[in-house]
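Bear in mind that the values in this text are calculations on the coordinates, not laboratory data. Remember, predicted model here, so these are calculated numbers, not experimental data. Cβ placement follows ideal geometry from the backbone for every residue including glycine, while neighbour counts extend to all protein chains displayed.
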Amino acid sequence: MTSKTKGSRRPAITIARSEHARLSNLADMLAARDPHAAEQLAAELDRAKILDDARMAPGIMRMGSIAEFRIDDEPAQIAELVFPKDADISRKRISVLTPVGAALLGLSAGQSIEWAARDGRVRRLTVVSVHAAAPETASAS
């Protein structure tokens, strides 16, 4: 995330070239309407290692992937990372424009990231596992 916490480094992330281009366009379009969300997403994209889609290893959190993750010491939860138009918390579909969605982008199992929430508290998200979306879900987006 864009907020830096003292003494913490953000983990390396990897993003597919096609997703990077689409997400960059999304951040650009959003800049005037929601500068905070656009800045968070752009910061993640700027620091990402970009790979051709065919070279992306399984287990990296991509758009449409499903992650099991923990925030701080809370119980693990499962959610799919989606574009804003497909977000639906009741179906466990988290927008990449949310703090949790942006934090998940490009991570793999075992990686953690910290960010300062809007209330100023430092939060820590840890990815437990990453799975590809079901074919019917992936093609719907």
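Multiply the residue separation of residue 21 and residue 51 by 0.36 nm, subtract the distance between their alpha-carbon atoms, and state the gained length in nm to one decimal.
Numbers: separation 30, 0.36 × 30 = 10.80 nm, distance 1.15 nm.
The residue 21-residue 51 span can extend by a further 9.6 nm.
Can you tell which of 45, 81, 26 shows the greatest fluctuation in a Gaussian network model of the chain with Cα springs below 10 Å?
26
Work from the charge dipole of the chain (Cβ charges, +1 for Lys and Arg, -1 for Asp and Glu, about the Cα centre) and give the residue of 77, 95, 45 farthest towards its positive end.
Value: 45.
So for region 81-132: antiparallel DSSP bridges make up what percent, rounded to the nearest 5?
Values: 6 of 8 bridges.
Rounded to the nearest five, the antiparallel share is 75 percent.
Over region 45-115, what is the relative contact order in whole percent, taking alpha-carbon pairs under 8 Å and six or more residues apart?
Values: 81 pairs, mean separation 18.8, N = 71.
Across region 45-115, relative contact order equals 26 percent.
Can you compute the helix-only [θ] at 222 nm over the chain? Use -39500 (n - 2.57) per DSSP H run of at least 4 residues, normalise by all residues, nearest 500 deg cm²/dmol.
Working: 4 runs with 37 residues, N = 141.
Helix contribution divided over all residues of the chain: -7500 deg cm²/dmol.
Nearest 5 percent is fine: what portion of the DSSP beta bridges confined to the chain is antiparallel?
Working: 17 of 23 bridges.
Expressed as a percentage, antiparallel bridges in the chain total about 75.
For region 1-137, what does the relative contact order come out to in percent, with C-alpha contacts under 8 Å and a separation of six or more?
Values: 265 pairs, mean separation 39.6, N = 137.
29 percent.
Whole Å is fine, so just give me how far the alpha carbon centre of region 86-123 lies from that of region 10-44.
Measuring centre to centre over Cα atoms gives 13 Å.
How would the chain be classified by its alpha-carbon gyration tensor: rounded, prolate or oblate, with rounded meaning a/c under 1.5 and the a/b versus b/c comparison settling the rest? Working shown, then result.
Details: a/c = 1.29, a/b = 1.13, b/c = 1.15.
Since a/c stays below 1.5, the shape of the chain is classed as rounded.
Which trypsin sites (Lys or Arg not before Pro) in region 1-94 pass both tests, a DSSP loop state and at most 16 other beta-carbon atoms within 10 Å?
When the trypsin sites (Lys or Arg not before Pro) of region 1-94 are filtered for loop state and at most 16 Cβ neighbours within 10 Å, 4, 6, 9, 33, 92 remain.
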